[in-house]
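The values are calculated or read from the model by the stated rules, or taken from the named source; none is laboratory data. In this text, all values refer to a predicted model and were calculated from it rather than measured experimentally. Methodologically, a virtual Cβ is constructed for each residue, glycine included, from the backbone with ideal geometry; neighbour enumeration extends over all protein chains shown. Surface accessibility is based on the protein's heavy atoms, side chains included, excluding ligands, DNA and RNA. Shrake-Rupley method; radii C 1.70, N 1.55, O 1.52, S 1.80 Å.
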Amino acid sequence: MTDRLKKILLGEQGLVVIFVVAFALVSALVPNFLTDRNMLGLLQSVVTVGIVACTMMFCLAARDFDLSVGSIVAFAGMVAVMASNATGSILLGLLAAIACGAFVGFINGVVIAKFRINALITTLATMQIVRGLALIASDGRAVGINSPDFYQLALSKLLGIPTPIWVLAVLFGIFGFVLNRTVFGKNTLAIGGNPEASRLAGVNVDRTRIWIFTLQGVVCGIAGILLASRITSGQPNAAVGLELSVISACVLGGVSLAGGRATMSGVIVGVLIMGIAENAMNLLNIPAFYQYIVRGVILLLAVLLDNLRSSALGRR
Amino acid sequence: MSFLDFSRITKTYPGVKALSDVSFGVDKGAVHGLMGENGAGKSTLIKILSGDQLADAGEISIEGKVQAYASTRDAFDNGVIVIHQELQLVPELTVAENLSLGRFPASAGIIARARMLDDVGAKLKSAGIDIDMRRKVKTLSIGERQMVEIAKAIMLDARVIALDEPTSSLSSRESEILFALIDRLRGEGKVIIYVSHRLDEVFRLCDSLTVLRDGKLAAHHISLKDVTRDQVVAEMVGREISDIWGFRPRKAGDIRLKIEALSGAKLRTPANFEARAGEIVGFFGLIGAGRSELMRLVFGADPRSGGAITVDGKGIHATDPHGAIRAGVVLCSEDRKHDGIIQGRSIEENINISSRRHHTRFGVLNRASEIATAETFIKKLKVRTPSRKQDIINLSGGNQQKVILGRWLSEQGVRVLIVDEPTRGIDVGAKSEIYELLYQLAEDGMAIVVVSSELPEVMGICDRILVMCGGRISAELNRNQFAEKAILAAALPDKKTPDAIAS
Ligand SMILES: Nc1ncnc2c1ncn2[C@@H]1O[C@H](COP(=O)(O)OP(=O)(O)OP(=O)(O)O)[C@@H](O)[C@H]1O
Ligand SMILES: [Mg+2]
């Protein structure tokens, strides 16, 4: 019996099993958890983390790291609001935000891939530079949105489900496909597995890495726009610490920091587990200070589980 | 009952029966050979002996006492030392530190450096190993690292020493030093288990021999006196192999690859050579002669500082592997672990990584063709695996090598195929199949360059041999001129007697 249990928990789908069990437990034990309203609220609360996790997954899978995502999200949000206020066109504002995100990501990628600077250091630097830019652009204050249409991005619904959740679902689908079914995705995983062997197998390693960071920037742009719309303003201090939540969710989802291992389904589960934990704690009125501890413990447990899983495969 | 007894050892991995019911014994003061095809279970048996893996059933006993190790450290403490197929030293530490790791002479936690150097120095000297112990391991050649591993066994006063394919990356001179060392250890009454695919070595070194096939004991010879090589081969592969080279003459066509005055940071002397369509050109030399460096320049793996590469009359200007592959030049590198396998990914992905670009549309994979390619080469090269989805790291050493070969053999439009030590770690049966594949590719018009440190191999399968020495091409011989003496003489830098290193 315990052997069977061990096999299930440490197997391929172990995380999914844990997720289902946790979900059932929380549904049964926490009042008001399993309601339509709360479920939508939960999903909305993970939109930013979930969207950014899509490309962070690629970053980690290629043995890289991106700490600048929180800053890019805030900056892109600012740009979206300020540009649409200035031009009077929301579309132009959105394009500007995505372009800015892509630009920052591209710079990250070029510095890391071409100048061979450690990704941790590079993105630590851009994280601060970009945050600084956001603060300078707004003089440190929130910038209100002029056009009410901008709010609609976050408020509008399709089939009763808010647009941001649809965006999240579509991105999950797209990046899951890209990871498993395209040359780009396979090359990303190969680079993470063994960069030198990938280069010798004809993979254009530098170009792939630049693309990964650029995509990360684009996706942060999208997340920034949705966040600005939801909080009805461009906030230079938005999304502080986002990079840690996103990386936690990915690791929770079985993405290896040593590279070469990642699945979209894992990341989705990781994002949801984080969301459920937070949501349940809010419903139970657990003070924010304790929530930090719980989140840390969950992350540690997930990493331990992952470790157990690999050693179970190695020595039996 | 012998000194070391394996009794009914069984081990299963998911989908693979690696060992079933293997029993045999080894006497004191004997070198015991362990042979078998790739994936037969040799390394697994050694890993169980070293406490690295747990057997599902069966036991190992030394002097009648059943051994149960919880870890490799435990095995160390019981005098069992294993030198694995993939070496395990810490690159950033010095030789002396590596040899003292886990047992640093120290007072109050501070390493007594002088005592450490004294201890290590004395042992190295008595073993006849000539390596500067202050050097960091990462600066050593593979052969030197192997020596350090063996020194580790001597340092620990081991009772049982197991070596898993120790000579696969040694030069013949280094091998000789190793053999002398093994002979001495035998004299001291140690038990030595020696895994190798090379019959010559096994017959030269071993007193007794066990052959594994598909995880089962296929044969056990207490003495090798009346045993022939053909017999052992038959026991390993289950059939007779009359001529492992199976050479077939071919007609050489036009010049496909032309190298003019090619040089780079690690190869100062400009090199010139050419290879024709349908020709198999061998590059022989001692380790460090510059063969791999030259091939890496041709492939664009290292930047070239001068010279020209022409394929079918068209110059290649690409300076990276990406460009070379598109121009029809591919290289299968010698360092499988570092430059070949992509850990954590499946066999299927490892095979398709390069050739998939011929089947994709707008960057989207063609799953059906990838599966077909993987299955084809798993079958063609007889890769022993439960499924194409198996992580490559779980394959035996020789099977990993086959997968990497499959990666390049599955490429389309290859004009020049360069293989560097293609059969390293591959068993006799699979070797002759790989040679056969090379002949077929040559017959279809490919130019093939084979780099090898095994003289019989280059002499067996090549139409022409180029010998390298000290970074320059020192001789060129056509098949009708092949002679062991002449080739070795050209390979030796200071013209020592060739017999001293004959393999
Ligand atoms: N960790 C593992 N997980 C799954 N299968 C494994 C693992 N390790 C070894 N195997 C399988 O066990 C079998 C025996 O492997 P082993 O490494 O002992 O072969 P070997 O005789 O040393 O071969 P080679 O000559 O190629 O080194 C192989 O089929 C291999 O794929
Ligand atoms: Mg082996």
Quiz prompt | Pairwise burial A:B, computed as accessible area of each alone minus the pair, summed, 1.4 Å, Å² | solution = 2500 Å²
Self-check item: Given charges at beta-carbon only (K, R positive; D, E negative), |dipole| of the stretch B:4-237 in Debye
Solution: 440 debye
Quiz item: Points 7 angstrom from Cα along the Cβ direction at residue B:63 and residue A:124: gap in nanometres?
Solution: 5.5 nm
Self-check item: Amide H within-cut-off set for residue B:474, under 5 Å, with H built and near neighbours excluded
Solution: B:467, B:468, B:469
Quiz item: What is the magnitude of the charge dipole of the stretch B:254-387 about its Cα centre, with +1 placed on the Cβ of each Lys and Arg, -1 on the Cβ of each Asp and Glu, and no other charges, expressed in debye to the nearest 20?
Solution: 300 debye
Quiz prompt | the protein assembly as shown - Kirkwood radius from inverse mean 1/r over Cα pairs (Å) | solution = 29.8 Å
Quiz prompt | Accessible carbon and sulfur surface of chain B relative to its total accessible area, %, 1.4 Å | solution = 50 percent
Quiz item: Which value in deg cm²/dmol, rounded to the nearest 500, describes the helix-derived mean residue ellipticity at 222 nm for the protein assembly as shown, given -39,500 (n - 2.57) per DSSP H run of n ≥ 4 and division by the residue count?
Solution: -15500 deg cm²/dmol
Practice problem: Kindly sort B:175, B:474 by accessible area of their heavy atoms, largest first, with the probe set to 1.4 Å. | Solution: B:474, B:175
Exercise. Go through the stretch A:170-218 and name the trypsin sites (Lys or Arg not before Pro) that are in a DSSP coil and have 10 or fewer other Cβ atoms within 10 Å of their Cβ.
Key: none
Quiz item: Roughly how many percent of the accessible protein surface of chain A is carbon and sulfur, given a 1.4 Å probe and a whole-percent answer?
Solution: 69 percent
Quiz item: Each residue of the stretch A:189-201 in order: what ³J(HN,Hα) in whole Hz does its phi give by Karplus 6.51 cos²θ - 1.76 cosθ + 1.60, θ = phi - 60°, with x for Gly and Pro?
Solution: 5, 5, 4, x, x, 6, x, 5, 5, 5, 4, 6, 8
Quiz item: Where nothing but the Cβ of Lys and Arg (+1) and of Asp and Glu (-1) is charged, how large is the charge dipole of the stretch A:43-239 around its Cα centre, in debye to the nearest 20?
Solution: 300 debye
Quiz item: Which loop-located chymotrypsin sites (Phe, Trp or Tyr not before Pro) does the stretch A:42-143 contain, where loop means any DSSP state but H, G, I, E or B and the Cβ has at most 13 other Cβ atoms within 10 Å?
Solution: A:115
Quiz prompt | Relative compactness, the stretch A:43-239, computed as alpha-carbon Rg over 2.2 N^0.38 Å | solution = 1.04
Self-check item: Per residue, in Å², the accessible surface of the protein assembly as shown once ligands and nucleic acids are set aside, probe 1.4 Å
Solution: 43 Å²
Quiz item: Between residue B:317 and residue B:229, 0.36 nm times their residue separation minus their Cα-Cα distance comes to what?
Solution: 26.8 nm
Quiz item: Distances over 15 Å make up what percent of all Cα-Cα pairs in the stretch B:21-86?
Solution: 56 percent
Exercise. Set Lys and Arg Cβ to +1 and Asp and Glu Cβ to -1, take the dipole of the protein assembly as shown about its Cα centre, and tell me which of A:268, A:111, A:136 lies farthest positive.
Key: A:136
Quiz prompt | DSSP-loop chymotrypsin sites (Phe, Trp or Tyr not before Pro) across the stretch B:325-414, with at most 10 other Cβ within 10 angstrom | solution = B:362
